[in-house]
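Q: Here you go, one structure.
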Amino acid sequence: METVQFGSEAHSGRPARDLKQAMMRGFMGRCPHCGEGKLFQGYAKTVDDCAVCGEHIGHHRADDLPAYLVIFIVGHIVVGAFMGVEAAVELSTWTHLAIWAPITVLGSIALLQPVKGAVVGLQWALYMHGFGGAEDEIETHPEA
């Protein structure tokens with residue numbers, strides 16, 4: 001009996017891509033395919049093609065997912081730290097604002113590019129949004 005692994009590429013005949021490696025390469029700002037070329041040409045703008053291996057990257061569809069993930073991560077860290085500090089010492093509201101607002105902004109700015117790179121790596125590893133060679137098609141509703 002054959003073991004079925006959901007999300008694998010055994011059913012399509014395409015070679016499986018290492019998800020963890022692709023996401024880590026993207027997180028580090030490198031091409032998810034070769035790990036050598038740069039993934040970003042600007043702060044949040046990806047390159048169209050990898051300069052080393054030629055992998056076409058410009059068609060990715062990261063959209064708003066990286067921003068949502070950054071909000072989730074930074075929000076949990078900042079709220080947890082705020083609650084811990086508030087329980088340990090008594091600070092004024094303005095002091096808390098002076099501490100946590102810059103940490104929130106800087107943390108969000110620091111994480112946005114790596115998280116976006118990891119999302120592009122995820123899409124590449126799972127053959128999503130054109131990384132499998134097929135163009136995205138608009139799904140239509142079946143006629144009733």
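Q: Of all residues in region 16-36, which are under 8 Å from Gly121 (Cβ atoms) and charged (D, E, K, R)?
A: Correct list: Arg25 only.
Q: Another one. When only residues in region 47-72 that are at pLDDT 95 or above and not aliphatic (A, V, I, L, M) count, which is nearest to Leu111 (Cα to Cα)?
A: Pro66
Q: Here's another thing I want to ask about it. Which numbered condition trips up Pro32, out of (1) in contact with a Gly (Cβ under 7 Å, 6 or more places away or on another chain); (2) free of Cβ contacts under 8 Å to residues at least 60 places away in the same chain; (3) over 14 Å from Gln113 (Cβ atoms)?
A: (2)
Q: A follow-up question, please. Check Trp100 against each of (1) open to solvent by 60 Å² or more (accessible area, probe 1.4 Å); (2) in contact (Cβ under 8 Å) with a residue 12 or more places away in the chain; (3) closer than 26 Å to Tyr43 by Cβ and name the one condition it does not meet.
A: Trp100 satisfies every listed condition except (1).
Q: Next question, about the same structure. I need a count of the residues in region 18-29 that are open to solvent by less than 60 Å² (accessible area, probe 1.4 Å) and either under 15 Å from Pro66 (Cβ atoms) or in a loop (DSSP other than H, G, I, E, B) (or both).
A: Residues in region 18-29 being open to solvent by less than 60 Å² (accessible area, probe 1.4 Å) and either under 15 Å from Pro66 (Cβ atoms) or in a loop (DSSP other than H, G, I, E, B) (or both): 2 in total.
Q: Could you count how many residues in region 30-64 are assigned to a loop (DSSP other than H, G, I, E, B) and of a type in the set (S, T, N, Q)?
A: Total satisfying the criteria: 1.
The values are calculated or read from the model by the stated rules, or taken from the named source; none is laboratory data. None of the values given here were measured: they were computed from a predicted structure. For neighbour counting, all protein chains shown are included, and Cβ atoms are generated from backbone atoms with ideal geometry for every residue, glycine included. Protein only, heavy atoms only, side chains kept; ligands, DNA and RNA dropped before computing areas. Shrake-Rupley method; radii C 1.70, N 1.55, O 1.52, S 1.80 Å.
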